[in-house]
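To start, the structure itself, in structure tokens.
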Amino acid sequence: MFKHIIQISTLTVIAITVIFYPFMPGTYDSAALGVSTIIQLFEVVGLLIVPLGVAWMFYEMRKQVRRKKDLPNKTRGYQFALSVLVIASILLAPISLLILFGVGISFGLLALTLWFSAILRLRPGLKALKESEGEGFNSAPLYLIVIPLIVLVVQFLLARPATEFSRNYVIANSTEMIEDIEQYHTTYGQYPEVLLAAWKDYYPEIVGVEKFHYVPYEGAYNLYFEQPRLFFDIFGTREFVVYNPLDEHIMLSHTSWFVLLTPDELKENQGWYAVNDASSPHWKYFWFD
């Protein structure tokens, strides 16, 4: 049992670390958010299988009680294990499509590869369980119950703090860039027309945030970045964090609106469903569905 506790703890820590990896300080990793999303969607499958894991656990406990009383047992461990694999495979089919079209083709293929690898690894154990269940306690349902529930609790507890930490961290790292832009304005009487180049020079330093975007707008500018969000935090929401020195923030949901709408229409119909003040002056974050 000690061995299983160590394995469950290790797998749980790995899952949590991968999920929160995009929110950690470090160099941008283009795969971080995609892999985090895959693990979160696998977590959905795990949660849906928890009731079956509970039923399997009760069966294993009852089997031990009957064994100690020298009573006969009906061997159902193989049926439970097979049911878990079949149900998980059925649930993963639509989730893999969601990853394929929502996250990326390569990530969808990665999700399918991970699941097929898991099946191949579990196949010998399933075969052995079919041939002989044994009288010992099968720890498999512990994995099905403990890991998804702990990961879920940690996500609910840390989702908002992790988001706020990474958002504030990136905002703090924008100070040098904003100071240089303002110095340019002091020197030349206007803001730079463009900051597009091969090398970024100013880095957010959060794994899941690629870069700062600079857009001149009506005598000032908007500096923004996209903040990663957890799947379980605000489902389907994308967050953009925007700085404007004049507090005339604008963040549109569609590029075409810049050329199709008038300036007044742009200010009135930007496409976001919520806006909040960030922790620093002149910063706001916008939520899009």
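The values are calculated or read from the model by the stated rules, or taken from the named source; none is laboratory data. Everything numeric in this text was worked out from a predicted model, so none of it was measured. Neighbour counts run over all protein chains shown; Cβ positions are idealised from the backbone, glycine included.
Residue by residue, here is whether (1) of a type outside the set (Lys, Arg); (2) touching a residue at least 24 places away in the same chain (Cβ under 8 Å); (3) surrounded by 13 or more Cβ atoms within 10 Å (Cβ to Cβ); (4) within 15 Å of residue 178 (Cβ to Cβ) holds:
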residue	(1), (2), (3), (4)
214	yes, yes, yes, yes
224	yes, yes, yes, yes
228	yes, yes, yes, no
244	yes, yes, yes, yes
254	yes, no, no, no
268	yes, no, no, no
276	yes, no, no, no
285	yes, yes, yes, no
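Based on what the data block shows, is residue 34 under 25 Å from residue 153 (Cα atoms) and touching a residue at least 60 places away in the same chain (Cβ under 8 Å)? Yes, satisfied.
Looking only at segment 180-193, decide whether some residue is of a type in the set (Phe, Trp, Tyr), touching a Phe, Trp or Tyr at 6+ places or on another chain (Cβ under 6 Å) and modelled with pLDDT of 95 or more. For segment 180-193, residues of a type in the set (Phe, Trp, Tyr), touching a Phe, Trp or Tyr at 6+ places or on another chain (Cβ under 6 Å) and modelled with pLDDT of 95 or more: present. If I ask for residues that are at pLDDT below 80 and surrounded by 14 or more Cβ atoms within 10 Å (Cβ to Cβ), which ones from segment 123-136 would you list? Correct list: 129, 130, 133. Only one of 266, 252 is at pLDDT below 95 and within 27 Å of residue 166 (Cα to Cα). Can you tell me which? Among 266, 252, only 252 is at pLDDT below 95 and within 27 Å of residue 166 (Cα to Cα). Would you be able to say whether some residue in segment 209-229 is modelled with pLDDT under 90 and part of a strand (DSSP E or B)? Yes, segment 209-229 has at least one match. For residue 110, the conditions (1) in a helix (DSSP H, G or I); (2) at pLDDT 80 or above; (3) buried (at least 16 other Cβ atoms within 10 Å of the Cβ) all hold with the exception of (2). Checked against (1) surrounded by fewer than 15 Cβ atoms within 10 Å (Cβ to Cβ); (2) part of a helix (DSSP H, G or I), residue 177 meets all criteria but (1). Quick one: would you say residue 156 is closer than 30 Å to residue 233 by Cβ, under 19 Å from the mean Cα position of the chain (by Cα) and surrounded by fewer than 15 Cβ atoms within 10 Å (Cβ to Cβ)? So residue 156 passes the test. Selection of segment 256-266 for residues being free of Cβ contacts under 8 Å to residues at least 40 places away in the same chain and either of a type outside the set (D, E, K, R) or exposed (fewer than 11 other Cβ atoms within 10 Å of the Cβ) (or both) yields 256, 257, 258, 259, 260, 261, 262, 264, 266. Residue pairs whose Cβ atoms lie under 7 Å apart, sitting 6 or more positions apart in sequence or on different chains, and linking a residue in segment 94-105 that is without any contact (Cβ under 8 Å) to a residue 12 or more places away in the chain to a partner that is surrounded by 14 or more Cβ atoms within 10 Å (Cβ to Cβ), are 100/108. Here is the figure for segment 1-42: residues that are part of a helix (DSSP H, G or I), of a type in the set (S, T, N, Q) and closer than 23 Å to residue 97 by Cα total 3. When we screen 48, 82 for residues that are touching a Lys or Arg at 6+ places or on another chain (Cβ under 9 Å), in the same structural domain as residue 115 (by TED's automatic domain parsing) and surrounded by fewer than 15 Cβ atoms within 10 Å (Cβ to Cβ), the only hit is 82. Would it be correct to say that residue 62 is without any contact (Cβ under 8 Å) to a residue 24 or more places away in the chain and over 30 Å from residue 206 (Cα atoms)? Taking the combined requirement at face value, the residue satisfies it.
Candidates in segment 53-79 are the residues that are under 42 Å from the mean Cα position of the chain (by Cα) and not in a helix (DSSP H, G or I); of these, the one that is surrounded by the most Cβ atoms within 10 Å (Cβ to Cβ) is 76.
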